[in-house]
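The values are calculated or read from the model by the stated rules, or taken from the named source; none is laboratory data. Keep in mind that what you see is a predicted model, and the values were worked out from it rather than measured. Using ideal geometry, Cβ is built from the backbone for each residue, glycine included, and neighbour counts are taken over all protein chains shown. In case anyone asks, the SASA skips ligands and DNA or RNA and just uses the protein heavy atoms, side chains included. Shrake-Rupley method; radii C 1.70, N 1.55, O 1.52, S 1.80 Å.
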Amino acid sequence: MLTRRIGNTSVSAIGLGAMPLSVEGRPDRARAIATVHAALDEGITLIDTADSYHWHADERGHNEELLARALATRPGDTSDVLIATKGGRTRPGDGTWTVNGTPEHIRRACEGSLRRLGVEAIGLYQLHKPDPDVPWSDSVGALRDLLDAGLIRAAGVSNVTCDQIREARAVLGDLLVSVQNRYSPRYRDSLPELRLCDRLGIAFLPWSPLGGITPSALDGPG
């Protein structure tokens, strides 16, 4: 497995996006845990999650709890696995996604993630999406507070523009280690953000890197 660096942490070049294990259409728990174990067996040491990766309204953090259980039940050392989680989005249970970027919510979300993951500090914590009703500097400032409190070791931002990356960098400095935007052969809107991250030495984590393209589509004409 090739490796890359996110801040000071070395991780597998390929990560596991764990969201499908907890949202609509998810597999049963045993199969989901077996999927995580299989990924770890192949050398994957980066797993992406969020407190909003769940299906029903009363199961916030379902994916984080699932990952914690998967790591706890896998034989051998898993200390090199980086679970990168996110906060700032919510799911009311009706299939929709909402956003809450207030510092108070981000702090509560982080504390909940800490409990579910069973760690003293989260290796990488990312703002899930900018909240149009909250100044971006306030949301990023909440990350700064979490860093200063020792609750997270590194910070990232997701679904952001180049200007938002620059503003976050001004607040967080070198502790802003990742940007997670949609990017794939099909969706290339975040190419400017990718290039900015390259210049700044920030890891770019593409979500849906295959763009939803299915094997059957790849096999078809065109």
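Suppose the filter is surrounded by 15 or more Cβ atoms within 10 Å (Cβ to Cβ) and within 14 Å of the chain's Cα centre (by Cα); does R116 pass it?
Numbers: surrounded by 15 or more Cβ atoms within 10 Å (Cβ to Cβ): yes; within 14 Å of the chain's Cα centre (by Cα): no.
Considered against the rule, which asks whether it is surrounded by 15 or more Cβ atoms within 10 Å (Cβ to Cβ) and within 14 Å of the chain's Cα centre (by Cα), R116 comes out as no.
Residues being in contact with a strand residue (DSSP E or B) (Cβ under 8 Å, 6 or more places away or on another chain) and either in a helix (DSSP H, G or I) or under 23 Å from V134 (Cβ atoms) (or both): count how many of those fall in region 152-188.
Filtering region 152-188 down to residues in contact with a strand residue (DSSP E or B) (Cβ under 8 Å, 6 or more places away or on another chain) leaves 152-160, 164-165, 168-169, 172, 175-183.
Those left that are additionally either in a helix (DSSP H, G or I) or under 23 Å from V134 (Cβ atoms) (or both): 152, 154-160, 164-165, 168-169, 172, 175-182.
So the answer is 21.
Restricting attention to region 3-23, report how many residues are open to solvent by less than 20 Å² (accessible area, probe 1.4 Å) and under 16 Å from C197 (Cα atoms). Matching residues across region 3-23 total 1. Within region 158-173, being out of contact with any Gly (no Cβ under 8 Å at 6 or more places or on another chain), over 18 Å from P206 (Cβ atoms) and open to solvent by 20 Å² or more (accessible area, probe 1.4 Å) holds for D163, R166, E167, R169, A170, G173. Looking at I47, I33 in this structure, which one is within 28 Å of P92 (Cβ to Cβ) and either touching a Gly at 6+ places or on another chain (Cβ under 7 Å) or aromatic (F, W, Y) (or both)? Matching residue, one of I47, I33: I47. Applying a threshold of 9 Å to beta carbon distances and a minimum spacing of six or more residues, or different chains, the list of pairs starting in region 27-42 at a residue that is at negative phi and ending at one that is of a type in the set (S, T, Y) and assigned to a helix (DSSP H, G or I) reads P27/T35. For region 89-108, the criterion of being over 17 Å from L196 (Cβ atoms), modelled with pLDDT of 95 or more, touching a helix residue (DSSP H, G or I) at 6+ places or on another chain (Cβ under 9 Å) and of a type in the set (A, V, I, L, M) is met by at least one residue. Residues in region 125-151 that are closer than 13 Å to S178 by Cα and part of a loop (DSSP other than H, G, I, E, B): H128 alone.
In region 37-66, how many are under 19 Å from M1 (Cβ atoms) and buried (at least 16 other Cβ atoms within 10 Å of the Cβ)? It would help to see each step written out before you state the result.
So the first thing to find is which residues in region 37-66 are under 19 Å from M1 (Cβ atoms), and the list is 37-48.
This time we only want the ones that are buried (at least 16 other Cβ atoms within 10 Å of the Cβ), so: 39-40, 44-48.
Within region 37-66, residues that are under 19 Å from M1 (Cβ atoms) and buried (at least 16 other Cβ atoms within 10 Å of the Cβ) number 7.
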